[in-house]
Amino acid sequence: MTKPMNTAVPQAISKADIEYQQKALGEVSRTFALTIPLLPEKLEQAVGNAYLLCRIADTIEDDEALSNDDKAQFSRQLIDLVNGADGSDSYAAKLAQQLGNNTPEGERDLVANTGQVLDITRQLSSGQVEAINTCVSSMATGMPEFQQNLSASGLPDMATLNSYCYYVAGVVGEMLTKLFCDYSEKIAHRREALTKLAFSFGQGLQLTNILKDIWVDQKRGVCWLPQDLFSRYGYDLNDLKEMNANPSLTAGMQHLIGVTRHHLGSALDYALTIPRQEKEIRQFLVFPLLLALLTLRKIHNNSADPDGSSIKISRRSVMLSALFVRFGAHHDRTLKQLVKILTRGLPNVPPSALRTV
């Protein structure tokens, strides 16, 4: 049985809980550990908390030791806990005990401390909790379909890839929109425009990750590329053993890079829709966008890299991006010009190519 959601004024979050959340973010995601602290404090705690809860849901779905039935059960219980149910400590202990040996230590520690993460959730405003709960619920119920049908030969079609990206990233874009609108009345006035762009914000980042991790995924027998797109260019994803000079494979990759470029362009539009006065929120949005564009350029320029080792962004590039974000995130013209430079030379697909193949 669930408890009613917190509708009172949010209480102060304990220092110990904040410190744990910051520590956990650093252990499970270096990128978000850098970007989330850019947000205003009230948003920082909510977004950080949401990311950790989504990461718990993701850990459940990725774990090789859990059966499909176990994953479904733990996912349903997580949704109930986020919605106010009791039993977080017993849940955490049971789940942590059943995780496989290959689960990263940071994720194992996060699962074991699910109760402490939820302690922060309980102190957030009702609007924030509603946004987080909707996101976690959608993610935890939508991802199993894809995890249960993992294949080394790719997803059936572009429509399935779009659906996968929605459940792992698009729902996050929708959640961020709700959190931003809850935080600022000025942003709330732009809700409609932000909502239309929220999916592209998440999809652009997720597609970049998929392209970056092709060979990491391939080694574990997984491929997230769409079969129909590559078949259209005459390439069978069952032959995806290493990147080579096969023109059909290259053509399919160029098409998908072009699709990703389009969504990252929409991600810029999303960031620019945030009022310039909300500089901290813009910094939070622009930083991962720049890192994604730098990564996409690397993917485009190193398409023959057999293991993806050349795709990693240098520390210097990360530092320069952080410096630009600090001083340029509120300058629309400067942002547009930088993105124009970063996308120069990347494939550009027509609007019709963005539809399912």
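Nothing in this text is a laboratory measurement; each read-out follows from the coordinates by a stated rule. Computed from a prediction, not measured in an experiment: that's the story for all the values here. FYI the Cβ positions are ideal-geometry reconstructions off the backbone, even for glycines, and counts take in every protein chain you see.
If you place +1 on the Cβ of every Lys and Arg, -1 on the Cβ of every Asp and Glu, and leave all else neutral, what size is the dipole of segment 154-290 about its Cα centre, to the nearest 20 Debye?
Values: 14 positive and 14 negative charges, 76 e Å.
Computed about the Cα centre, the dipole is about 360 debye.
Of T160, V172, G234, which is farthest towards the positive pole of segment 149-357's charge dipole, taken about the Cα centre with +1 and -1 on the beta-carbons of Lys, Arg and Asp, Glu respectively?
V172
At 0.36 nm per residue, minus the direct Cα-Cα distance, what do K312 and E41 gain on full extension? Give it in nm, one decimal, please. All intermediate terms of the calculation are to be shown ahead of the outcome.
Working: separation 271, 0.36 × 271 = 97.56 nm, distance 3.06 nm.
Full-extension gain reported as 94.5 nm.
Among S266, A46, I60, flag the residue with its Cα farthest along the positive direction of the charge dipole of the chain, charges on Cβ as +1 for Lys/Arg and -1 for Asp/Glu.
S266
For K42, go through the aspartates and glutamates and keep the ones whose alpha-carbon is under 20 Å away, minus same-chain ones fewer than eight residues off.
D17, E19, D119, E130, E174, D182, E185, E278, E280
Projected onto the charge dipole of segment 130-239 (+1 at Lys/Arg Cβ, -1 at Asp/Glu Cβ, origin at the Cα centre), which of L150, F201, V222 gives the Cα projection farthest towards the positive end?
So the residue furthest toward the plus end is F201.
Can you tell me the relative contact order of segment 15-125? Whole percent, Cα pairs under 8 Å, sequence separation 6 or more. Can you show the working numbers first?
On the way: 90 pairs, mean separation 37.8, N = 111.
With pairs under 8 Å counted, the relative contact order is 34 percent.
Just to compare against my own numbers: the Cα pair-distance distribution for segment 6-74, 10 Å bins, whole % per bin, please.
That works out to 18, 42, 27, 13, 0, in percent per bin.
Within segment 129-150, find all residues whose amide N lies under 17 Å from a label point positioned 7 Å from the Cα of D69 along Cα-to-beta-carbon.
In segment 129-150, the label zone of D69 (backbone N under 17 Å from the point 7 Å along Cα→Cβ) covers 148.
Using only the Cα atoms of segment 47-204, each taken as one equal point scatterer with no solvent, compute I(q) by the Debye sum, divide by I(0), and report log10 of the ratio at q = 0.10, 0.12, 0.14, 0.21 Å⁻¹.
Ignoring solvent entirely, the Cα scatterers give -0.38, -0.54, -0.72, -1.36.
So what is log10(I(q)/I(0)) for the chain at q = 0.08, 0.10 1/Å, when the Debye sum runs over its Cα atoms only?
-0.39, -0.62
Just to be sure I understand the model, the point goes 7 Å from the Cα along the line to the Cβ. What's the resulting S29 to R76 distance in nm?
Those two pseudo-labels are separated by 2.7 nm.
Please return the longest range in the chain lying between exposed loop sites, taking GluC sites (Glu not before Pro), DSSP loop only, at most 15 other beta-carbon atoms within 10 Å, and leaving the sites out.
Numbers: sites that count: E64, E242.
Answer from the scan: 65-241.
Across the Cα atoms of segment 15-125, what radius of gyration and what greatest pairwise Cα-Cα distance (Dmax) are found, in Å?
That works out to 13.5, 40 Å for Rg and Dmax.
What Rg and what Dmax come out for segment 206-289 when only alpha-carbon atoms are used, in angstroms?
16.5, 51
Restricting to Cα atoms and excluding each atom paired with itself, what does the Kirkwood estimate give for segment 149-357 in Å? Spell out each step's value before the answer.
Numbers: mean 1/r = 0.0564 Å⁻¹.
Value: 17.7 Å, from the Cα pair sum.
What size of dipole, in debye to the nearest 20, comes out for segment 15-125 about its Cα centre when the only charges are +1 on Lys and Arg C-beta atoms and -1 on Asp and Glu C-beta atoms?
On the way: 10 positive and 19 negative charges, 58 e Å.
Computed charge dipole of segment 15-125: roughly 280 debye.
How large is ³J(HN,Hα) for each residue in segment 134-149, as worked out from phi by the Karplus curve 6.51 cos²θ - 1.76 cosθ + 1.60 (θ = phi - 60°), to whole Hz, x for Gly and Pro?
4, 5, 4, 4, 5, 5, 6, 8, x, 5, x, 4, 7, 5, 6, 10
Applying 1/(1 + (r/R0)^6) with R0 = 22 Å to the Cβ-Cβ distance of N301 and A322, what FRET efficiency is obtained, to the nearest 0.05?
Numbers: r = 22 Å, r/R0 = 1.02.
Computed FRET efficiency for N301 and A322: 0.45.
Below 8 Å, C-alpha to C-alpha, sequence gap of six or more: please give me the relative contact order for segment 149-357 in percent. Don't skip to the answer; put the middle values down first.
On the way: 266 pairs, mean separation 54.7, N = 209.
That works out to 26 percent.
If you place +1 on the Cβ of every Lys and Arg and -1 on the Cβ of every Asp and Glu, how big does the dipole about the Cα centre of the chain come out, in debye to the nearest 20?
Working: 36 positive and 38 negative charges, 343 e Å.
Rounded to the nearest 20 debye, it is 1640 debye.
Using a 7 Å offset from Cα along Cα-Cβ at D269, what residues in segment 184-215 end up with backbone N under 12 Å from the label point?
What the label zone holds, given the 12 Å backbone N cut-off, is 193-201.
Compute the length gained on full extension between A152 and R232: take 0.36 nm times their separation in residues and subtract their Cα-Cα distance, giving the result in nm to one decimal.
Extra length available between A152 and R232 comes to 27.0 nm.
Which of K71, K15, K94 moves the most in a Gaussian network model of the chain with Cα springs under 10 Å?
Per the Cα network of the chain with a 10 Å cutoff, K15 tops the list.
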